[in-house]
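For reference, the structure discussed in these notes is given below.
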Amino acid sequence: MPQKSRISPFTIITTFIALSITGIAVMPLLNLHMYPGRVKPGITVSYSMQRANAEVIDAEVTSKLEGVLSRVAGLQKLTSRTGSGSGRITLEMDKNADMDAVRFEVSALIRQVYPSLPHDVSYPAIGVNRPDEEEKAETLITFTFNGTGSDTEIGGYAQEYLVPALSEIEGVYAVHVYGAGELRTDLVYRKKVLDDIGLPVGEIRRQLREYYAAASLGQVYETDYSGNKVLVPVTFKGWGVDCFNAAKITIEHNGRLFRLTDLLEPRTHEQAPSSFYRINGLNTINVNVLSSPGANQIMADGLVRRGYPVIDAIHIGGKRRLKPIIMTSATTILAMIPFLWGDDMGSRLQQPLAYTIIGGMTIGTFVSLYFVPLAYYYTQKRKV
């Protein structure tokens, strides 16, 4: 009777080593994150109805939208909140739902029901909460700085030296500084100039408000993919409050244009703090580093921490990973020990596998705790 072909242990071990090397080579291309995602997939539909109380909006708008949105495929939970002048509906979806397809379905349902809603209801806005971290930036690491100077001086140092350096690191999306004293700009009117041209202070304030105000321009008709006409609200948005530039603003009076800097003097100074945060009596600020969407957070974290000496970084990583590695290896080895002591047919059949797993986990633990840190140390030393 011819014997069946049997794969030798050497071939199996060689194959696993080749696969391990391949895995290590492609590891930098993986999308790794420091923590598991906590965002549930869902859709948020928000709308407004000016000068309407909660009862009217709930009866005329929210209930109708709930009726059509409850038919969305993969819906697990539907909640709504209606208040005076506005309302919001939240759809919690199955974790495996295709959010792009769900958003398209919700949009189509809203287009169908919108003509039956009151005419003064704004067109519902759709927001998507995605479960995958690739759609948003996450906090990568937070640094704490303190010193004998004021929080404004420490924050200025961080903005000048740390933020530009950290922002250039691959995988970093943004760097924010918190806790530093904020600057305040006061506008001091030039009274003599205003009196000479007859410009009242209230007129300057009114025109300044117009630069930063948002106003509704009404609604326009648009044709959707099915040929139906849909009313879409149009809103004019002014400048943002963080875009103040007195040199670019002009004030109109009696058919003449005046630069704002000719009418008043902007004075920027440190705003009085509303609270203090100290560590050991020293003013402290926090620098929050956000990772780019879809970035390998493990590698980005390593690049940010590269300011540490290599040996210190190895010690920190070793302390963090020691317990998980030991626990994983110990539980696997202990689970294989009963097969070594059993005398029944099943245990004898599993004994070669048990020996292989116990030996592999023991060697793998040694490699993870000693060989990998040493290889990293010498690799980084050569780069330096």
Worksheet item: What's the number of the condition Trp239 fails, among (1) modelled with pLDDT of 70 or more; (2) closer than 17 Å to Arg206 by Cβ?
Response: (1)
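From the list Leu374, Leu340, Leu334, Leu349, exactly one residue is of a type in the set (A, V, I, L, M) and in contact (Cβ under 8 Å) with a residue 12 or more places away in the chain. Which is it?
On the way: Leu374 fails: in contact (Cβ under 8 Å) with a residue 12 or more places away in the chain; Leu334 fails: in contact (Cβ under 8 Å) with a residue 12 or more places away in the chain; Leu349 fails: in contact (Cβ under 8 Å) with a residue 12 or more places away in the chain.
Exactly one residue qualifies, and that residue is Leu340.
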Discussion item. Taking the criterion of being modelled with pLDDT of 75 or more and of a type in the set (D, E, K, R), would at least one residue in segment 210-221 satisfy it?
Written reply: yes
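Among the residues of segment 83-99, write down those that are in a strand (DSSP E or B) and over 19 Å from Thr62 (Cβ atoms). Steps first, answer last, please.
Here is the first cut: in segment 83-99, the ones in a strand (DSSP E or B) are 83, 86-93.
Passing the criteria: only Met93.
The values are calculated or read from the model by the stated rules, or taken from the named source; none is laboratory data. Keep in mind it's a predicted model, so treat the numbers as computed, not measured. When we count neighbours, we look across all protein chains shown, and the Cβ atoms used for this are built from the backbone with ideal geometry, even at glycine.
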